[in-house]
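The values are calculated or read from the model by the stated rules, or taken from the named source; none is laboratory data. All values derive from a computational prediction rather than experimental measurement. Cβ atoms come from the backbone with ideal geometry, glycine included; neighbour counts cover every protein chain shown.
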Amino acid sequence: MSSGKALTAEMLADALGCFWNAAIGDARDKQDSRVLAVASSMAEGFAAVERRLREHAQPAPTSEVDGEKLGRFGWHPDPATDFELEVGDIEAEIYHQKVGFENGTPPLTELVARINRAMSFRVGAVETCVLAKHRLRELEKEAAALAQVVPATMGGAGEMVECHKSDTPERVCFYEQDFYVLSNFSSFSIMWEKSPRVGLIRFDTSEAVYHWMKFKPNIPTAEQYHLMEQIRYAPSAHEAFKIAERNKHLRRPDWDDVKVDVMRDILRAKVDQHEYVKRKLLATGDRELVEDSWRDDFWGWGPNRDGKNMLGRLWMEIRAELRAALAGNPSLPSGGEKSS
């Protein structure tokens, strides 16, 4: 019977995860470097087999989550959350249209149809839905006529600085504009240390690294490890975000205390590994950097433009570090030239 096969696969996956955790934990307790080295080298293989077993154990995708029927857009049972996730996904696809990213990006006509369908959703008095509807109207305009770049503007010191859409000579907004390279959703891969034994592994975006780190204590459980692998191999940054949001209960307990430091290290890695990102960051001059997010008032400035803007503040901190390093070594490229 198929149910018997599914149960067996699930049991095998659980057993494999428990075995891996036990082997690692025992080796650490005994300080057995030989066993720890063997177990660590097999970690990737364990994870791959466990992932395949769980995929076999899971039933075919349905329109339900934990017994609850999904909303009309197919993201979440709660209608408001379902609508907000749909707007977020449309937003990501519109950006892909702007930059010419073709891998899996639906045609513009399909996106327009999705926008029209979402526009018919009645938001009521839910504030987050009202904001999402406002953003959807902006996306409708962008779909009709993609981003228009305005000419360069003279900065305060007389030099030409790049200004795009809502940028000014005093401020750079990098949520969707030309300085989108500063967004964690931009397509710049990151090499990040998985463990001292395994070394560096590749992530498609800094967003994926950030969500991966949410579930990485010193010794992850089998469930956390499986989730980390899902995030690492997620097909997009937006999907990595959704996986993390669905599994908040598995986050490492110290996450709120360390998340800003983690993000700072991720941004430094992004700059160190991508010369283009470094040049674009330096091209912002001395202007304020703002993540122009209409929904996030911690990393961005939020719906009322009075949020903490932590991502912008971290970028300005790193920019200051770069300028200090350049001042100490004038032979380094300044990155101040205009970019196309």
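Of all residue pairs spaced 6 or more apart or on separate chains, none has beta-carbon atoms under 8 Å together with a first member in the stretch 88-115 that is in the same structural domain as GLU239 (by TED's automatic domain parsing) and a second member that is modelled with pLDDT of 75 or more. Within the stretch 301-325, restricting attention to residues that are in contact (Cβ under 8 Å) with a residue 24 or more places away in the chain and among the aliphatic types (A, V, I, L, M), the residue that is nearest to ASP286 (Cα to Cα) is MET316. Determine if the stretch 207-224 includes at least one residue that is over 22 Å from GLU91 (Cβ atoms), touching a strand residue (DSSP E or B) at 6+ places or on another chain (Cβ under 6 Å) and not charged (D, E, K, R). Among the residues of the stretch 207-224, not one is over 22 Å from GLU91 (Cβ atoms), touching a strand residue (DSSP E or B) at 6+ places or on another chain (Cβ under 6 Å) and not charged (D, E, K, R), which makes the answer no. Each residue in the stretch 203-241 was checked for being among the β-branched types (Val, Ile, Thr) and under 9 Å from the mean Cα position of the chain (by Cα), and 2 of them qualify. In the stretch 291-310, of all residues being more than 16 Å from VAL87 (Cα to Cα) and among the hydrophobic types (A, V, I, L, M, F, W, C), the one that is farthest from the chain's Cα centre (by Cα) corresponds to TRP301. Can you confirm whether TRP299 is surrounded by 18 or more Cβ atoms within 10 Å (Cβ to Cβ) and out of contact with any strand residue (DSSP E or B) (no Cβ under 8 Å at 6 or more places or on another chain)? Here the answer is yes, as TRP299 does meet what is asked.
Restricting ASP292, ASP306, ASP286 to those that are buried (at least 20 other Cβ atoms within 10 Å of the Cβ) and in a loop (DSSP other than H, G, I, E, B) reduces the list to ASP292.
Strands (runs of 3 or more DSSP E) fully within the stretch 158-270 that include at least 3 residues being modelled with pLDDT under 85: 171-173.
So the check is Cβ under 7 Å with 6+ separation or different chains; which pairs have a first residue in the stretch 250-262 that's within 16 Å of HIS211 (Cβ to Cβ) and a second one that's in a loop (DSSP other than H, G, I, E, B)? Short answer, once both residue conditions are applied: LEU250/PHE215; ARG251/LYS214; ARG251/PHE215; ARG252/LYS214; ARG252/PHE215; ARG252/LYS216; ARG252/PRO217; TRP255/LYS214.
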